[in-house]
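Taken together, the values in this text are just the output of simple stated rules run on the coordinates, not laboratory data. Computed from a predicted structure; not experimentally measured. Here the Cβ is made from the backbone with ideal geometry for all residues, glycine too, and neighbour counts use every protein chain on show.
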Amino acid sequence: MRIGVVTFPGTLDDIDAARAVRIGGNEAVSLWHGDHDLKGVDAVILPGGFSYGDYLRCGAISRFSPVMTEVIEAAGKGLPVLGICNGFQILCESHLLPGALIRNDHRKFVCRDQRLRIENADTAWTSAFEQGQEIVVPLKNGEGQFIADEETLDRLEGEGRVVARYVEVNPNGSLRDIAGVTNQAGNVVGLMPHPEHAVEELTGSGTDGLGFFTSLVEKAFA
Amino acid sequence: MPRVVVDVMPKPEILDPQGKAVLGALPRLGFTGVTDVRQGKRFELEVHEVTDDVLAEVEKMAETFLANTVIENFTVRVEEK
């Protein structure tokens, strides 16, 4: 499948994300924040980094970039979209996902190999995993604390829209240990940790992240 | 030129780590008597004139862009000079 990876000014992990896409058996297509063009891709990844310098709020300015107009419209029609870290923040600012990401409760940047439990293995991006499977992938954020009001959290839990949860350590104060969520349709997923950094034995914490990049293909041929 | 000010503050129920950091630093600097700090943002918008339309526009700006109403409240006011 052809998976677009968006580069914003200040994006950091687009190269790693594109590499993970290729290792996952897909074609990576570079998308530019300033273009009203998704180049006909089958899915889009919004990678991590500090788009627009995190000015105003993380993701707040990126959300209004030309490419995001297209992403938001296409996501509404079912296009699979995965937002990682800063990409998750952009998806929340775009209101494609509920809640918001604010500064870590302990106020420090955190960088660690993080254990997660996959809570929903039915989304476009997680079908390669087993429900309840535990994985370890790198986590690195300063503003990764997922928050939403109680009603929204209850709804997310009730509808099975918590995609991944932190296990052992809650690294940033996220409510109910939430590391990732999905929209109602399951095509849009936001995740704070970085599966794209865990796709090869040579580097990172292992290859536990690969499933996020093979799920689309597996689903297509299932 | 008149000025419209938009103040954006984290909602009371939202943890404000930056405010907490400031609060923690105050006693270290010898400032006592402060029991809580909340940190927000202030936007000063210079406009040609203040009309109901302009204020409605600023309101919309604040709602969609300057504030994230999931986590922040905002107020709009005209600053007299």
**Report entry** Directionally averaged projected area (convex hull, Cα atoms, the stretch A:116-219), nm²
**Finding:** 6.4
Query raised in the report: Does the stretch A:14-114 come out rounded, prolate or oblate by the C-alpha gyration tensor, with a ≥ b ≥ c the root eigenvalues, rounded set by a/c under 1.5 and, if not, prolate when a/b is larger than b/c and oblate if not?
Result: oblate
Query - With Cα atoms, 0 to 90° folded angle of helix B:17-28 axis to chain B main axis - result: 50
Report summary line: Gyration tensor on Cα atoms of the stretch A:1-72, a ≥ b ≥ c root eigenvalues, a/c under 1.5 rounded, else prolate if a/b beats b/c, else oblate, says oblate
Query - aspartates and glutamates whose Cα lies under 14 Å from that of A:Lys108, excluding same-chain neighbours fewer than 8 positions away - result: A:Glu143, B:Asp16
Report summary line: Whole-percent tail of the Cα-Cα distance distribution for the stretch A:138-180, cut at 17 Å, equals 28
**Report entry** Two-decimal Rg to Rh for the stretch A:111-162 - Kirkwood Rh, Cα set
**Finding:** 1.01
Query raised in the report: Residue by residue through the stretch A:25-34, which ³J(HN,Hα) values in whole Hz follow from phi under the Karplus form 6.51 cos²θ - 1.76 cosθ + 1.60 (θ = phi - 60°), with glycine and proline marked x?
Result: x, 10, 9, 8, 10, 6, 10, 10, 4, x
Query raised in the report: So what is the relative contact order for the stretch A:1-96, in percent, with contacts set as C-alpha pairs under 8 Å and at least six apart?
Result: 31
Query - √(5λ) per eigenvalue of the Cα gyration tensor, chain B, largest first, Å - result: 31, 16, 8
Query raised in the report: Taking each residue of B:61-73 in turn, how many C-beta atoms of other protein chains fall within 10 Å of its C-beta, and what is the average?
Result: 4
**Report entry** Per-q log10 I(q)/I(0), chain A, q = 0.10, 0.12, 0.13, 0.15 Å⁻¹ (Debye; single scatterer per alpha-carbon; no solvent)
**Finding:** -0.36, -0.54, -0.64, -0.88
Requested in this report: Could you sort out which of A:Lys39/B:Lys60; A:Lys77/A:Lys140; B:Lys11/B:Lys41; B:Lys41/B:Lys81; A:Lys39/A:Lys140 sit more than 23 Å apart by Cα distance in this structure?
Outcome: A:Lys39/B:Lys60; A:Lys77/A:Lys140; A:Lys39/A:Lys140
Query raised in the report: At what distance in angstrom do the alpha carbon centres of the stretch A:84-109 and the stretch B:1-54 lie from each other?
Result: 21
Query raised in the report: Going by the alpha-carbon gyration tensor, a ≥ b ≥ c the square roots of its eigenvalues, is the stretch A:62-103 rounded (a/c under 1.5) or, if a/c is not under 1.5, prolate (a/b greater than b/c) versus oblate?
Result: prolate
Query raised in the report: Order of B:Phe31, B:Phe74 from fewest to most other C-beta atoms within 10 Å?
Result: B:Phe31, B:Phe74
